[in-house]
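The values are calculated or read from the model by the stated rules, or taken from the named source; none is laboratory data. Since the model is a prediction, treat every value here as computed from it, not as a measurement. Here the Cβ is made from the backbone with ideal geometry for all residues, glycine too, and neighbour counts use every protein chain on show. Calculation scope for accessible area: heavy atoms of the full protein, side chains included, ligands and nucleic acids excluded. Shrake-Rupley method; radii C 1.70, N 1.55, O 1.52, S 1.80 Å.
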Amino acid sequence: MVRVRFAPSPTGFLHVGSARTFLFNWLFARRQGGTMVLRVDDTDVERNTAASLNSIFDGLRWLGLSWDEEYKQSERLRLHREMAEAIFQKGLAYRDFTPAQTGERSSAQGPWLFNAGMRELSREESDRRAAAGEPFALRFRVPRETEREIRFTDMVYGEQAKSTADIEDFALLRSDSMPTYHMASCADDADLRISHIIRGQDHLTNTFKHLLIFEAAGVAAPNFAHLPLLVAPDGSKLSKRRHGPVVSVTTYRDAGFLPEAFINFLCLLGWSPKDNREMMSRQELVEAFSLEGINRANAVINFKEPPNQPEDTFDPKALWLNAEHIRALPVEELCRRLLAVVRQAGYKISPEKMLEITRLVRERIRLLNEVLSVADFFLCQKLPAYDAAELVPQKGDAEMARRVLQRAREVLRDAEFTHEDLERTLRAAAQELGIKAGQMFQPIRVAVTGRKNSPPLFETLEVLGKDVTLARIEQGIENIHQPTGS
RNA sequence: GGCGCUAUCGUCUAGGGGUUAGGACGGAAGAUUCUCAAUCUUCAAACCCGGGUUCGAUUCCCGGUAGCGCUACCA
């Protein structure tokens with residue numbers, strides 16, 4: 001029975017790297033028909049925050065990935081201590097009465113392995129000092145007298161081996177009797193019968209310690225699969241301090257990413273279906289996922305370090321994938337999602353109107369939020385000020401713009417506002433004026449949308465309706481006479 | 001410093017003892033077009049370095065270099 005877990009520690013918002021770890025676990029579980037466990041690793045009381053926990057749940061909820069069981073480490077402390085105690089009773093751990101190290105241990109003079117004197121302390125003296133109330137940390141007694149190799153086969157990185165001579169006597173219990181990460185994690189993994197531990201590569205070398213714990217506790221070790229890390233363009237690890245909001249999942253959500261697109265993007269970082277597919281649905285990902293497809297080198301999230309544009313915070317491929325997913329959505333569904341964005345921004349608009357707008361913006365936006373800038377002229381009543389010079393068509397002048405708008409005003413008054421009729425009417429008008437179609441359309445476009453780039457003109461006018469169109473053309477004519485831009 | 005991991009276009013990657021080293025994003029050019037977008041076509045762009053092994057290495061082995069990780073009573 002496959003059982004995997006995602007074990008975030010609530011000491012910060014949901015990190016993109018964590019989200020990917022969750023995702024790979026989830027994909028593996030769903031592919032194998034296994035169980036997904038969410039375990040909150042909250043043994044570091046000092047750094048835990050409720051806000052962080054919320055951020056994690058918010059992020060996961062947005063991604064729409066579910067889990068089957070949920071635990072909190074802080075509610076399982078007894079289990080951790082019992083396992084630590086059992087290891088101690090077997091003589092495989094010892095009490096270390098050395099006060100906790102505060103500053104940096106000088107790493108220049110070789111590796112630290114254990115505190116001299118403590119490892120060899122007699123049981124009697126150890127018991128006596130403990131009974132006297134002297135605080136201690138419980139350390140694992142790494143078998144270094146008879147040096148040996150700890151081995152395992154990582155499902156991504158292959159054969160791994162490390163000599164016990166290179167493993168320090170790590171702590172199991174802190175002097176306040178709280179379990180350390182290593183202890184709590186292993187005790188829970190054993191107790192929850194986790195079959196596969198899929199986690200970041202930063203834990204690869206910790207695995208040897210964990211193997212030691214499992215062995216000492218007398219339980220079979222699970223399988224391990226380590227994931228390459230997600231890093232910044234300069235190769236450094238992603239951190240909030242250095243890289244800001246790019247590392248937070250909620251940033252993607254708030255910018256208008258589709259969760260399915262974000263998931264797709266994350267999957268492609270360090271994993272490949274090996275058949276050149278890029279754009280994949282959640283279902284396709286589940287079907288294609290396997291640990292063999294995971295790469296071993298760290299993957300760069302390609303954002304621009306000092307962002308000049310808002311979009312610089314995102315990997316161009318993420319943007320492209322999002323655009324692809326937006327276009328793959330049925331219009332009604334896209335409309336529903338855009339409606340939420342538009343209403344959130346304070347606009348009142350009917351679902352019917354929004355559906356028409358959706359059809360026009362769907363291949364023009366990469367992020368849901370871009371609807372606010374791309375379709376603003378549909379949403380607002382009064383057009384924001386624009387430069388009257390923009391009304392002037394290619395190879396034309398202000399006079400031509402004026403003639404175009406006046407003619408358009410006349411001709412549109414009697415037109416039926418359908419794509420076909422508008423096209424016929426305006427093309428005819430251009431011919432009458434003896435100008436090119438483009439020269440006819442451009443002033444109208446600017447008058448009606450406030451800018452030079454927009455969806456096709458006839459569809460735009462159709463959606464806008466006769467009243468708004470005429471009013472804006474009127475305004476455009478005025479703007480030519482007083483070209484102040486106001 | 002010690003130990004471990006990694007190394008293919010700018011980025012994500014496929015591949016693998018003999019290939020024109022493939023795809024995608026991004027970039028450039030062009031087609032289409034009422035603008036923008038979408039779409040289509042084309043182009044530029046990579047096997048870290050040095051030794052082996054071999055008829056032949058980008059691929060296998062060793063060394064170097066670089067990057068990353070661990071080296072806490074953080075996780």
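Some observations on this one:
- For the range A:331-379: rounded, prolate or oblate by the Cα gyration tensor [a/c cutoff 1.5]: rounded
- Extension gain (nm, one decimal) between A:GLU474 and A:GLU399, 0.36 nm per residue minus Cα-Cα: 25.5 nm
- Pair-distance distribution of chain A: all C-alpha pairs, bin width 20 Å, starting at 0; shares per bin in whole percent are 19, 39, 23, 13, 5, 0.
- FRET efficiency for the A:ASP275 to A:ASP202 pair, using the beta carbon distance and R₀ = 41 Å, is estimated at 0.85.
- At R0 = 41 Å, FRET efficiency that the Cβ-Cβ distance of A:GLN101 and A:VAL2 yields, to 0.05: 0.55
- Segment A:LYS452-A:ALA130, length gained on full extension (0.36 nm per residue, minus Cα span): 108.0 nm
- Bridge type composition, chain A - antiparallel percent by DSSP, nearest 5: 50 percent
- Ranked by how many other beta carbons lie within 10 Å on average, peptides A:211-224, A:271-284 from highest: A:211-224, A:271-284
- The overall shape of the range A:1-112 is prolate: from the C-alpha gyration tensor, with semi-axes ordered a ≥ b ≥ c, the ratio a/c is 1.5 or greater and a/b exceeds b/c.
- Applying a DSSP loop filter and a limit of 13 other Cβ atoms within 10 Å to the trypsin sites (Lys or Arg not before Pro) in the range A:353-431 leaves A:LYS382, A:LYS395.
- Each part reduced to its alpha carbon centroid, the range A:21-60 and the range A:187-227 end up 17 Å apart.
- Integer Hz, Karplus 6.51/-1.76/1.60 couplings in order for the range A:392-403, x for Gly and Pro: 6, x, 3, 6, x, 9, 4, 5, 5, 4, 5, 4
- Pair A:GLN406, A:GLN283: separation of 7 Å Cα→Cβ label points (nm): 6.0 nm
- Viscosity 1.567 mPa s, 4 °C: Kirkwood-radius Stokes-Einstein D of the range A:88-220 over Cα pairs, µm²/s: 80 µm²/s
- Note, ³J(HN,Hα) from phi for the range A:439-452, Karplus 6.51, -1.76, 1.60, rounded to Hz, x at Gly and Pro: 5, 6, 6, 4, x, 5, 4, 5, 4, 8, 10, x, 7, 7
- Close amide H pairs (under 5 Å, H built 1.01 Å from N) link A:ARG3 with A:THR35, A:SER195, A:HIS196, residues at least 5 positions away or on another chain.
- Computed over the range A:388-480, the ratio Rg/Rh where both radii use C-alpha atoms and Rh is Kirkwood: 0.91
- Annotation note: trypsin sites (Lys or Arg not before Pro) in the range A:21-124 located in DSSP loop regions with a Cβ neighbour count of at most 13 within 10 Å are A:ARG47, A:LYS90, A:ARG105.
- Added length on full extension, which subtracts the Cα-Cα distance from 0.36 nm per residue, A:VAL300 to A:LYS317: 4.9 nm
- Cβ-derived FRET efficiency at R0 30 Å, A:GLU363 paired with A:ARG343, nearest 0.05: 0.85
- Here chain A is treated with +1 on each Lys and Arg Cβ and -1 on each Asp and Glu Cβ, and its dipole about the Cα centre works out to around 260 debye.
- Measuring only protein heavy atoms, the 1.4 Å probe finds A:LYS240 accessible over about 130 Å².
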